[in-house]
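Here is the structure we will look at.
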Ligand SMILES: *Cc1c(COP(=O)(O)O)cnc(C)c1O
């Protein structure tokens, strides 16, 4: 048998590594890493299959031989991806203080449960009689989500928070249309909202109007009341909000919105701050997504697969998307058809995330979940208290909820910006906090420690920030302007990268004949 060659001569001639900037080709054992196309060659492959019989192809003249896929041996491929993974920050490496993102530890117990063959090896089209256990888990998860939120219905299928927002607004739109209120075309969103809120409203076809914020970081009730009217379909309010503050007037917000015929969509991304303590249903919420990867500790999987179930009020429940689990005496089955506005996804949602979230709920219990919220809030207030005085808290009066928000007033006159400060944190071994969000706070730095950090780790973090702050105030500008000095990559032009992304790798050795 001959070895099969699948690679192509992809590395530009004379170019030894992708990055010539490093003297050593890496830091210590961390090597510089070229693109996989640059590592690959045409004389290698990780597989050794018998050569295909030329007559066996059904593709006729459509066979392509210019794919330029990189050819790598198995150890080369494995090492490439492991080295890339070492360049990523991860919650398993250290504190990940991104505000609003809730980067909490992902318990290994969840992983163990999700890998049980009875859950992991299911196919979504298996006969229902063979997946009764999985359906029961979905039913139990739904029960917990409804109980914790005080809401009568839940749609499990949305795949993320933003997808949940879409689901909620589609339910609201369907409900308005059913009630002859389809002319309502506006969604009100506070200035401090997460970008997904106005984006979702626009995606559904609504126009977006902003609600002003009070000086103490809450929804301005007078402005809300002035903007509510017969054209408003819904308000979208995050609670606790993205300034890390509880909306003190949330019941009044719900009341006046309902009085004007609008629904109250609550962005539940910050539910981790109140789970077990406050039930959004009691506050008058009509729809709320729950990011299982935030509140219920499932992994933030690089954009997916995630899960963002949406709880719905009595008024919206009839418009929920299919499917949902029902029990009809013969066992559990999925109600699939003829209801709501249709479906959010091809199948039933992310089973692996359901298992992880349910394992988290059961391992904590109701009392443990309440303590999760309490400890998350305690940790954030500890950070706020330790850093206040040196750094300027955006809303200094009173405690915060699960995240501590600072502005850049304290950096005035130092020549150091929020971005510089965040980049210098990388050199100190800490991932930056969320920067420049929410937009209503100048040079915002939003820190969310979560309940899974110990006091020792929070102290280490605060001390590093205080030392950096002292350096900024002492005029050590160079330390900030050039940062990060110690990361595999130095400061990148993020605007250029966003505006002109290079999404295609081009083979510089064009003209070289493909492998025989
Ligand atoms: C994370 C987040 C979202 C979006 O959730 P995804 O699961 O990332 O789609 C929306 N709003 C707020 C306030 C968030 O923090």
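Run the simple label-point estimate for residue 474 and residue 111 please: 7 Å along Cα→C-beta, distance reported in nm.
4.1
Highest first, please rank the peptides 437-444, 294-301 by the mean number of other Cβ atoms sitting within 10 Å of their residues.
Taking the mean over residues of other Cβ atoms within 10 Å, the ranking is 294-301, 437-444.
Counting other beta carbons within 10 Å of each Cβ, put 218, 506 in order, fewest first.
Taking fewest neighbouring Cβ atoms as first place, the list is 506, 218.
By the gyration tensor of its Cα atoms, with a ≥ b ≥ c the square roots of the eigenvalues, what is the shape of the range 33-135: rounded for a/c under 1.5, prolate for a/b over b/c, or oblate?
oblate
At what distance in nm do the modelled label points of residue 397 and residue 370 sit from each other, each positioned 7 Å from its Cα along Cα→Cβ?
About 3.0 nm separates the two model spin labels.
Would you work out if the chain is rounded, prolate or oblate? Take a ≥ b ≥ c from the square roots of the eigenvalues of the alpha-carbon gyration tensor; rounded if a/c is under 1.5, else prolate when a/b is larger than b/c, oblate otherwise.
It is oblate, given that a/c is not under 1.5 and a/b is not larger than b/c.
Counting only DSSP beta bridges with both residues in the chain, what percent are antiparallel, rounded to the nearest 5?
About 55 percent, rounded to the nearest 5.
Report for the range 110-361 the percent antiparallel among DSSP-assigned beta bridges with both residues inside it, nearest 5.
So the antiparallel bridges amount to about 40 percent of the total.
When only Cα pairs under 8 Å and 6 or more residues apart are kept, what is the percent relative contact order across the chain?
18
Given points 7 Å out from each Cα along the Cα-Cβ axis, report the residue 185 to residue 412 separation in nanometres with one decimal.
The answer from the label model is 4.4 nm.
Sequence gap at least 6, Cα distance under 8 Å: using those rules, report the relative contact order of the range 300-403 to the nearest whole percent.
Result for the range 300-403 is 20 percent.
Can you give me the relative contact order of the range 368-486 as a percent, contacts being Cα pairs under 8 Å and 6 or more apart?
In percent, rounded to a whole number, it is 31.
Calculate for the chain the 222 nm mean residue ellipticity that helices alone would give, adding -39,500 (n - 2.57) per DSSP H run of length 4 or more and normalising by residue count, nearest 500 deg cm²/dmol.
Estimated from H runs of four or more residues: -10000 deg cm²/dmol.
Can you classify the range 110-361 as rounded, prolate or oblate using the Cα gyration tensor, where a ≥ b ≥ c are the square roots of its eigenvalues, rounded means a/c under 1.5, and otherwise it's prolate if a/b beats b/c and oblate if not?
Verdict is prolate for the range 110-361.
Just so you know, all these numbers are worked out from the coordinates, no wet-lab data involved. Since the structure is predicted, the reported quantities are computational estimates derived from the model, not experimental observations. Note that we place each Cβ from the backbone using ideal geometry, even for glycine, and neighbour counts take in every protein chain shown.
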